[in-house]
Amino acid sequence: MNGATPHIVQYQGSKRNLAPQILQYIPKRFNRLIEPFAGMAAITIAVAKQRRADHYLLNDLNEPLVNVLKECIKHPQRLIDDYTRVWSEQLTYQGGSVEHFYKVRDDFNKGNQSAANMLYLLARCVKGSVRYSSSGQFNQSPDKRRMGTNPKNLARNVFLISSYLKDKTEFSSVDYREVTRNARRGDVVYMDPPYQGVCSSRDCRYFSGIDFNDFVECVDDLNRRGIDFIISYDGTCGDKQYGIDLPEELGLRKIMLNAGLSSQSLLLGKKETTVEALYLSHHLREAVAPIAQEQLLFAL
Ligand SMILES: C[S@@+](CC[C@H](N)C(=O)[O-])C[C@H]1O[C@@H](n2cnc3c(N)ncnc32)[C@H](O)[C@@H]1O
């Protein structure tokens, strides 16, 4: 049960590397973990590995992504078989493996959004980052140096993740507010919304996807209903700050986590540390924070 937390596939913005730090602020035992912005669910997988909660709810607006999680957890062997079929095709595809990626991408955009196709696109595309055109077409390019996760390596992780979460997990693909509205006392809500900015001075794209004021309203509602929550929310890189702070009136505790050297900066020849903010709800800041003494060094 030791070792790194397994993941299905790399995903841009994944909290896998930060999971050990974030888990210090999550209670040891509780009823249900809700992830409204699940992505590839790094925190849910880490919490389930330690059997801290009895139930889990995974949601992401991106439905094909949720289908990858669902298939992995409910039907691991089927996902591995289907992925193996798609992945292996590239080895004999006329035109080579890059052309094969474009063929699968075309199929996906024409409506064949099976979990295996989504997983293959994620495994083979640049930085595991999904990108869609304004008309909703998946338009990320393939990483030409890699063939994508080998099915043999994938299988072990998929079975492990399934063993942690099978028969305990609900899935949905709706706006985060629909999910948080149904949260109850006893749940812990972990929210990792899309970044407000990315860490690169040359290319500071703003891909938000959610409205700041709507998000603050949602957090305020959880506060009023006494529901425990944790938010990962933008951060700083070098001397740059990304994203607007959440308002002080919400009464949250802000902790800065050291996310290590920024890979974006390294590409630009700079060594800069990325720091990511974590906000704790009122009750959690009292109940859980004292166990994470070393993190107080970073606490604001
Ligand atoms: C930073 S990523 C989460 C990464 C995740 N913590 C992980 O470890 O893989 C944010 C996710 O929010 C999803 N998202 C964006 N807008 C959303 C919305 N309105 N409701 C629910 N999910 C949304 C995106 O599809 C994306 O997967």
- Message: I'd like to verify a number: residues in the range 108-133 that are part of a loop (DSSP other than H, G, I, E, B) and of a type outside the set (Lys, Arg), how many?
- Response: 7
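Condition check ((1) within 14 Å of the ligand (Cβ to nearest atom); (2) among the aliphatic types (A, V, I, L, M); (3) over 14 Å from the mean Cα position of the chain (by Cα); (4) at pLDDT 95 or above) across all residues:
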residue	(1), (2), (3), (4)
GLN12	yes, no, no, no
ASN17	yes, no, no, no
TYR56	yes, no, yes, yes
ASN59	yes, no, no, yes
- Residue check for SER163: away from the ligand (no atom under 12 Å from the Cβ), farther than 23 Å from ASP234 by Cβ and either modelled with pLDDT of 95 or more or in a loop (DSSP other than H, G, I, E, B) (or both): yes
- Message: I need a count of the residues in the range 84-108 that are under 23 Å from CYS72 (Cβ atoms) and polar (S, T, N, Q).
- Response: 3
- Any idea which residue in the range 169-184 is farthest from the ligand (Cβ to nearest atom), counting only those that are β-branched (Val, Ile, Thr) and surrounded by 15 or more Cβ atoms within 10 Å (Cβ to Cβ)? THR169
- Complete set of residues in the range 198-251 that are among the charged types (D, E, K, R), over 21 Å from SER129 (Cβ atoms) and modelled with pLDDT of 70 or more: ASP211, ASP214, GLU217, ASP220, ASP221, ARG224, ARG225, ASP228, ASP245, GLU248, GLU249
- Message: Please verify whether TYR120 is out of contact with any Phe, Trp or Tyr (no Cβ under 8 Å at 6 or more places or on another chain) and outside the structural domain of SER232 (by TED's automatic domain parsing), treating the condition exactly as stated.
- Response: no
- Given the conditions (1) assigned to a helix (DSSP H, G or I); (2) modelled with pLDDT under 95; (3) within 16 Å of the ligand (Cβ to nearest atom), report the number of the one that GLY136 does not fulfil. (1)
- Task: Being more than 8 Å from the chain's Cα centre (by Cα), within 9 Å of the ligand (Cβ to nearest atom) and either in a loop (DSSP other than H, G, I, E, B) or at pLDDT below 95 (or both) is the filter here, so list the residues in the range 27-45 that pass it.
- Result: PRO36
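The values are calculated or read from the model by the stated rules, or taken from the named source; none is laboratory data. If you're wondering where the values come from, they're calculated on a predicted model, not measured in any experiment. Neighbour counts are summed over all protein chains in view; Cβ atoms, including those assigned to glycine, are modelled from backbone coordinates with ideal geometry.
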